[in-house]
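In what follows, a single structure is set out as structure tokens and then discussed.
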Amino acid sequence: MNEVVERRLEFLKLEAKGFSLCEIVKLLSEKYQTSERNLYYDAETRDTWQPVLTQIFDLDKVRLILINRYDFLYRQASLHFQTASEAQKPIYLSKMVDITDHMVSILGLETLKEKQDAQRRAIEIDNELAKNEILLTEIAKHRGILSGK
């Protein structure tokens, strides 16, 4: 595999593991014997190369792997929650909520909620516009009456 492609794939992997950009640049510049500038350039131009690299993968398979990992983490947090002291329970509960949010996002359920929210907002905006139109009509009529005097 091309060294640049390999480096960029590892960049994405490290980022997914939670490494900061500075840590990624330091690790990869040493591993691939490239300048930090090249790695910062990769970070700046990722919107052009990342879609190409992610097309290499079977995204459904990746999605299943991520769901399995989150499921495992959720079960671990749940187990710790059940055996934790009262002071520690909020920490594990918070982790469980975060994991659930990530899983919802991966499964695409969040987009369904976003669509519903957008439809709800559109209806609210239409209602507000209708109210404003009625008010403007009433104001125009009132002004017409006043100017007609």
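Looking across segment 16-37, the residues that are modelled with pLDDT under 85 and in a loop (DSSP other than H, G, I, E, B) come down to LYS17, GLY18. Quick check, is TYR40 closer than 22 Å to GLY108 by Cβ, part of a helix (DSSP H, G or I) and of a type outside the set (D, E, K, R)? Considered against the rule, which asks whether it is closer than 22 Å to GLY108 by Cβ, part of a helix (DSSP H, G or I) and of a type outside the set (D, E, K, R), TYR40 comes out as no. Residues that are under 21 Å from the mean Cα position of the chain (by Cα) and either modelled with pLDDT under 85 or aliphatic (A, V, I, L, M) (or both): does segment 128-149 have at least one? Checking segment 128-149: not a single residue is under 21 Å from the mean Cα position of the chain (by Cα) and either modelled with pLDDT under 85 or aliphatic (A, V, I, L, M) (or both).
Taking the stated definitions as given, is LYS13 among the charged types (D, E, K, R) and either at pLDDT 90 or above or farther than 19 Å from HIS102 by Cα (or both)? Full working, then the answer.
Details: among the charged types (D, E, K, R): yes; either at pLDDT 90 or above or farther than 19 Å from HIS102 by Cα (or both): no.
For LYS13, the condition - among the charged types (D, E, K, R) and either at pLDDT 90 or above or farther than 19 Å from HIS102 by Cα (or both) - is not met.
Select from segment 47-64 the residues that are exposed (fewer than 13 other Cβ atoms within 10 Å of the Cβ) and either outside any helix (DSSP H, G or I) or within 18 Å of the chain's Cα centre (by Cα) (or both) and list them in ascending order. ASP47, PRO51, THR54, GLN55, ILE56, PHE57, ASP58, LEU59, ASP60, VAL62, LEU64 - these are the residues of segment 47-64 that are exposed (fewer than 13 other Cβ atoms within 10 Å of the Cβ) and either outside any helix (DSSP H, G or I) or within 18 Å of the chain's Cα centre (by Cα) (or both).
Residue under question is TYR74, and the condition is that it be in a helix (DSSP H, G or I), within 17 Å of the chain's Cα centre (by Cα), outside the structural domain of ALA16 (by TED's automatic domain parsing) and not acidic (Asp, Glu); does it hold? For TYR74, the condition - in a helix (DSSP H, G or I), within 17 Å of the chain's Cα centre (by Cα), outside the structural domain of ALA16 (by TED's automatic domain parsing) and not acidic (Asp, Glu) - is not met. Looking only at segment 65-93, count how many residues are surrounded by 12 or more Cβ atoms within 10 Å (Cβ to Cβ) and either touching a helix residue (DSSP H, G or I) at 6+ places or on another chain (Cβ under 9 Å) or modelled with pLDDT of 90 or more (or both). Number of matching residues: 18. Considering each residue of segment 15-22 in turn, at least one proves to be surrounded by fewer than 10 Cβ atoms within 10 Å (Cβ to Cβ) and among the basic types (Lys, Arg). Would segment 19-33 turn up any residue that is closer than 22 Å to ILE65 by Cα, without any contact (Cβ under 8 Å) to a residue 60 or more places away in the chain and not assigned by TED's automatic domain parsing to the domain that holds ARG63? Yes, the conditions are met somewhere in segment 19-33.
The values are calculated or read from the model by the stated rules, or taken from the named source; none is laboratory data. A quick note: this is a predicted structure, and the numbers were derived from the prediction, not measured. Neighbour counts are summed over all protein chains in view; Cβ atoms, including those assigned to glycine, are modelled from backbone coordinates with ideal geometry.
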